[in-house]
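The values are calculated or read from the model by the stated rules, or taken from the named source; none is laboratory data. Values in this document were obtained by computation on a predicted structure and should not be read as measured data. Neighbour counts run over all protein chains shown; Cβ positions are idealised from the backbone, glycine included.
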Amino acid sequence: MAVTTHRLLRPLAIGALLAKEWWQSRVIYNPLSPSLSHDPYPIYDTLRTKDPVHWSPLASAWVFSRYRDVEAILRDHRRFSNDPRNRHIPKGLRASTAFPRWSMFFIDPPDHTRLRGLANDAFTPSAVEALKSSIWESMEGLLDRIEDPASFDVIEAIARPLPAIVIAKLLGVPSTDWVRLADWSHRLGRTLEPAISAAELQEALLAAHELDVYFRGAIDERRTHPRPDLISALTSVADAGDRLNQNELLMLLRLFLVAGSETTTNLIGNGLLALLRHPAQLHLLREQPDLMPAAVEECLRYDTPVQVDGRAALEDMVIDGRNIKKGQGILALLGSANRDADVFEHPERLDITRKQASNLSFGRGIHYCLGAPLARLEARIAFDALLRRFSEIRLLTALPPYKTNVAIRGLKALPVAAKK
């Protein structure tokens, strides 16, 4: 009876919180709502118009939706922390936010500064450029394996395997392990969501353990047989002195996997869907392939792979007349900022010739995405190769399904038909 009562009370409690939220601001930000994962942009529009600095009782966080606020928060690491230990978390939310600090996402300076300095070398312009031919080779191989171009899933055939294969090669592990790597990445990535279930949390803990076992084996092997790869380079640093310990080495490897796989998968999937829904823009890209870098930037802006970035307030402050208390949670809506009409003209339109302000999809400040150059390159090659291989690509469903995510936005599947 107690379990049944709890199950009945929880929806009632959530309903009461949402009713109070609506009464106070005439807008609701509900991270549990299916509409937020299916199409968050109407909700973002309402937030920016009615309550751009909005308290969400369900997320127990301030929700910022305007470009200027989001950018300012991301740049200000002295007042806004990435470390969840600096956030006062209500008892009812602790199950979904108690995941250990498994990556550099959740670390502030000075440790963040030291670790990022060690990781930077992997993503210098020259290091990324050196991967170009390998990415092309991987992409062509994936296209060759499509059995029936008249009906295939872009996510399964291209968007999911390509980033996992690329990051496997960068790390120096067998590219045949990409299925396991992608699965671990997905399960860990769920911990970035504002609300996950207890079962998903346990799956993420298991994924972290399995991944650590996998990487420890690779690290031990590199100690006796070093190679020209990222695991060997970081292992030598860890073994040489006090700049990197073994736990931090594992943390960096987890970061490379998740940041290099899940978000790039969503960039390719979301971006191609946007282009297919805007045939004039797709035609223009075919006619003017030199627009490819701009097209990738516009796809990043239009349907942002990482929709939400979390912080904790490090001091009391007033923003737009709202009293933010030290320790309160902050949700910076990247996807909303990228649709802000004060910054982007006609933000609801996909325009691959857009020359306005840069999008916030990879963040700002000291936590700007390390793998941004690699993600951009992979997307450019994926789109370029698809357009070269197929003279026509069309959707097989008007409404391809999205994953039930709020923070990391991506498609479950993208069925298309193509002709050579």
Item to complete: Only one of these is of a type in the set (D, E, K, R), surrounded by fewer than 18 Cβ atoms within 10 Å (Cβ to Cβ), within 20 Å of the chain's Cα centre (by Cα) and modelled with pLDDT of 80 or more: 83, 76, 148. Name it.
Response: 83
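Within the range 251-277, how many residues are of a type outside the set (Gly, Ala, Ser), touching a Phe, Trp or Tyr at 6+ places or on another chain (Cβ under 6 Å) and surrounded by fewer than 23 Cβ atoms within 10 Å (Cβ to Cβ)?
Here is the first cut: in the range 251-277, the ones of a type outside the set (Gly, Ala, Ser) are 251-258, 262-268, 270, 272-273, 275-277.
Filter once more, so that each one left must be touching a Phe, Trp or Tyr at 6+ places or on another chain (Cβ under 6 Å): 253-254.
Narrowing further to those that are surrounded by fewer than 23 Cβ atoms within 10 Å (Cβ to Cβ): 254.
Final tally of qualifying residues: 1.
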Discussion item. Regarding the range 217-240, can at least one residue be identified that is polar (S, T, N, Q) and outside any helix (DSSP H, G or I)?
Written reply: no
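Just to be sure, is residue 309 closer than 26 Å to residue 401 by Cβ, in contact with a strand residue (DSSP E or B) (Cβ under 6 Å, 6 or more places away or on another chain) and either buried (at least 16 other Cβ atoms within 10 Å of the Cβ) or among the aromatic types (Phe, Trp, Tyr) (or both)? If you could, list the steps in order and put the result at the bottom.
Working: closer than 26 Å to residue 401 by Cβ: yes; in contact with a strand residue (DSSP E or B) (Cβ under 6 Å, 6 or more places away or on another chain): yes; either buried (at least 16 other Cβ atoms within 10 Å of the Cβ) or among the aromatic types (Phe, Trp, Tyr) (or both): yes.
It is true that residue 309 is closer than 26 Å to residue 401 by Cβ, in contact with a strand residue (DSSP E or B) (Cβ under 6 Å, 6 or more places away or on another chain) and either buried (at least 16 other Cβ atoms within 10 Å of the Cβ) or among the aromatic types (Phe, Trp, Tyr) (or both).
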Discussion item. Checking the conditions here, which among 381, 366, 352 is in a loop (DSSP other than H, G, I, E, B), in contact (Cβ under 8 Å) with a residue 60 or more places away in the chain and within 23 Å of the chain's Cα centre (by Cα)?
Written reply: 352
Practice prompt. Select from the range 375-406 the residues that are among the hydroxyl-bearing types (Ser, Thr, Tyr) and surrounded by fewer than 19 Cβ atoms within 10 Å (Cβ to Cβ) and list them in ascending order.
Written response: 391, 397, 404
Worksheet entry | Options 31, 42: the member that is part of a loop (DSSP other than H, G, I, E, B) and either at positive phi or modelled with pLDDT of 80 or more (or both) | 31
Item to complete: Please find, within the range 286-326, the residue that is farthest from the chain's Cα centre (by Cα) out of those that are small (Gly, Ala, Ser) and in a strand (DSSP E or B).
Response: 313
Worksheet item: What single numbered condition from (1) part of a helix (DSSP H, G or I); (2) at pLDDT 95 or above fails to hold for residue 257?
Response: (2)
Response to the item:
Subset of the range 105-130, residues at pLDDT 80 or above and surrounded by 19 or more Cβ atoms within 10 Å (Cβ to Cβ), comes to 128
Discussion item. Name the single residue that is surrounded by the most Cβ atoms within 10 Å (Cβ to Cβ) among those in the range 337-355 being more than 25 Å from residue 51 (Cα to Cα) and not β-branched (Val, Ile, Thr).
Written reply: 350
Discussion item. With the structure loaded, tell me whether residue 68 is closer than 22 Å to residue 303 by Cβ and either at pLDDT 85 or above or buried (at least 18 other Cβ atoms within 10 Å of the Cβ) (or both) or whether it fails that test.
Written reply: yes
Worksheet item: Going by the structure shown, is residue 207 touching a residue at least 12 places away in the same chain (Cβ under 8 Å) and either of a type in the set (Phe, Trp, Tyr) or in a helix (DSSP H, G or I) (or both)?
Response: yes
Item to complete: Taking the residues in the range 151-202 that are without any contact (Cβ under 8 Å) to a residue 60 or more places away in the chain, touching a Leu at 6+ places or on another chain (Cβ under 9 Å) and of a type in the set (Val, Ile, Thr) as candidates, determine which candidate is surrounded by the most Cβ atoms within 10 Å (Cβ to Cβ).
Response: 165
Response to the item:
Across (1) surrounded by 15 or more Cβ atoms within 10 Å (Cβ to Cβ); (2) at pLDDT 95 or above; (3) of a type in the set (Gly, Ala, Ser), residue 280 clears everything bar (1)
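Suppose the filter is among the charged types (D, E, K, R), in a helix (DSSP H, G or I), under 22 Å from residue 179 (Cα atoms) and touching a His at 6+ places or on another chain (Cβ under 8 Å); does residue 262 pass it? Even if it seems obvious, please write down each step before you answer.
Working: among the charged types (D, E, K, R): yes; in a helix (DSSP H, G or I): yes; under 22 Å from residue 179 (Cα atoms): yes; touching a His at 6+ places or on another chain (Cβ under 8 Å): yes.
Against the criterion (among the charged types (D, E, K, R), in a helix (DSSP H, G or I), under 22 Å from residue 179 (Cα atoms) and touching a His at 6+ places or on another chain (Cβ under 8 Å)), residue 262 qualifies.
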Discussion item. Given (1) in contact with a helix residue (DSSP H, G or I) (Cβ under 6 Å, 6 or more places away or on another chain); (2) assigned to a strand (DSSP E or B); (3) within 26 Å of residue 34 (Cβ to Cβ), identify the lone condition not met by residue 330.
Written reply: (1)
Practice prompt. Would you please name the residue that is modelled with the highest pLDDT, looking only at residues in the range 165-208 that are among the hydroxyl-bearing types (Ser, Thr, Tyr) and closer than 11 Å to residue 258 by Cβ?
Written response: 185
